[in-house]
1. Going by how many other Cβ atoms sit within 10 Å of their own, how do Thr303, Thr403 line up, fewest first?
2. Calculated FRET efficiency, Lys267 and Glu199, Cβ-Cβ r, R0 30 Å, to nearest 0.05?
3. Along the positive direction of the dipole of the chain (beta-carbon charges: Lys, Arg +1; Asp, Glu -1; about the Cα centre), which of Ile35, Ala395, Phe430 reaches farthest?
4. For helix 12-23, what angle does its Cα long axis make with the longest principal axis of the chain, in degrees from 0 to 90 and rounded to 10?
5. Report the FRET efficiency, 1/(1 + (r/R0)^6), for Ser168 and Asp282, where r is their Cβ-Cβ distance and R0 is 45 Å, rounded to 0.05.
6. Could you work out the longest stretch of the chain that avoids the GluC sites (Glu not before Pro) located in DSSP loops with at most 13 other Cβ atoms within 10 Å?
7. May I ask what percent, to the nearest 5, of DSSP beta bridges between residues of the chain are antiparallel?
8. If each Cα of the chain is one equal point scatterer, what is log10 of I(q)/I(0) from the Debye formula at q = 0.10 Å⁻¹?
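Taken together, the values in this text are just the output of simple stated rules run on the coordinates, not laboratory data. Because the structure is a prediction, the values reported are computed rather than measured. Don't worry about glycine lacking a Cβ; one is built from the backbone with ideal geometry, like all the others, and counts go over all protein chains shown.
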Amino acid sequence: MTNKLDPWSSSEINDYSKLFEEFGISPFDNVLPEIPSPHMYMRRRVIFGHRDYEQIAEAIRTGAPFSVMDGFMPSGKVHLGHKMVMDQIIWHQQRGASAFVGIADREAFSVRGFSWQKCREIGVEEYILSLIALGFKPDGLIYFQSGCGSVKDLAFELGVKINFSELSAIYGFSGETNLSHMISVATQAADILQPQLEEFGGPKPVVVPVGPDQDPHLRLTRGLAGKMSMFRVEERENANGGKYLSVRGKGALKEALQELKKRIPGKVKLYEEHLDIIQTPDYPFLERLVSQINQPEKKRYFTAELEEVSEFANEIKPYEFSGYEEYFVFRKVWKLTRKILDEIVAEVAAEFEGYAFIPPASTYHRFMSGLQGGKMSSSVPDSYIALTDDPKEGAKKVKRAKTGGCVTLEEQKKLGGKPDECSVFELLLFHLAENDDELLEIREECVCGTRMCGSCKQLAAEKMYEFLKDHQEKRELAREHLGEYNIIYKK
Ligand code: TRP
Ligand code: SF4
């Protein structure tokens, strides 16, 4: 990512580029064009990276089922950093995602030593009220980890595929680490996989918006998704370069593979631990395949999808395609075949008490820096603005914040300011300036020295005051309507 391409520019993004190479996070620019009316954080490159977000973008475009999931450890005050995550949860929910929010009381209990009572208080008073005030809709699920039986059961099952060496490699756990802390890690992976359980409609793409510090959890969970799945569907090529799909069932019960063979019409070869589907995916085959899906809602969805490609699907001769047009069509039919197959594989796995998890997708956003420069820290109240700060106090914090301006006005007029090193600009960029053009203008003016820090501070302080006042009114409303939300508390 170069600064030239990026009007919001942050030199810091270059520091994040290590994440791209080392951990396989992809630059968000790659998927941006595929997202209809992207979120402000996406347009402004506040979200800089992702894993597998393509599948989420596709679900948003096509209306296919998908989920957004996130967790908050109830550790202290809810602040603007949490708002960034909440905004993204709500944005995905508005675009059709079923939303899941876990309050990580198991983590707070085991890592911070908080009592359950304290976890509940902070969970509701800080996080849940603000989440609702920001626009979370009542059809999403909010739960305290320790009240959620399905998460706890899943965490225990996941534990079979997590060993100590892995935990110490990922988290630096040592012989001194307490067992409950380790269990809380498995619980967090269960949080992320829960939306794909049968009771929530089975496997589907799930996106977890996080800051880069949470990526270890995602790496662990993505690994677990593969290890826990009963089957693995792979695309293979025969000696003539023809494509076919193969389902690998390492460790799967013989009966499960046999059942799967029964459910897939057409030419299928069953081996010891896998089966190959060598049938050409023409229309009659796909029609029969769809008819094998049990879940009525999914069946309807795929029947509609199939209609869309029906005129091409009759002509499909994958081994002979030539020309771009036919290849393009073939890709569509091929992708659809794969998806229908994934569905049937998931159903069969579930029938045999197995799983078929899709590795979760994620987005990564830049951290907000502290208002005094450096990092935000919960032990330094002046370094951050809490969503419950008195609006006047919030405005004052803005006025005391460190800017990227020069020591004297004269110097600043000559040299210009540095918006990339300015926490006031950051507040506008991340939270307060809704209009992109307005923000770009501020940036321009700052850089050429025609804008002085006083006017930015004034603007940001006013906006901050308004935001906090409005947000806190909405929090009180949320308190009155808590009962209408789907919240699982610890019993
Ligand atoms: N560990 C996260 C934190 O420190 C909280 C969390 C729990 C979480 N479960 C999650 C984050 C699932 C993302 C997804 O705040
Ligand atoms: Fe920051 Fe505004 Fe000062 Fe520029 S003019 S350094 S954007 S406060």
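1. If I rank by nearby Cβ atoms, fewest first, I get Thr303, Thr403.
2. Calculated value: 0.30.
3. The residue sitting farthest along the positive end of the dipole is Ala395.
4. 30
5. Between Ser168 and Asp282 the formula returns 0.30.
6. The segment 1-175 is the longest one with no such site.
7. Counting DSSP beta bridges with both partners in the chain, the antiparallel share is about 50 percent.
8. Listed by q, the Debye log ratios stand at -0.86.
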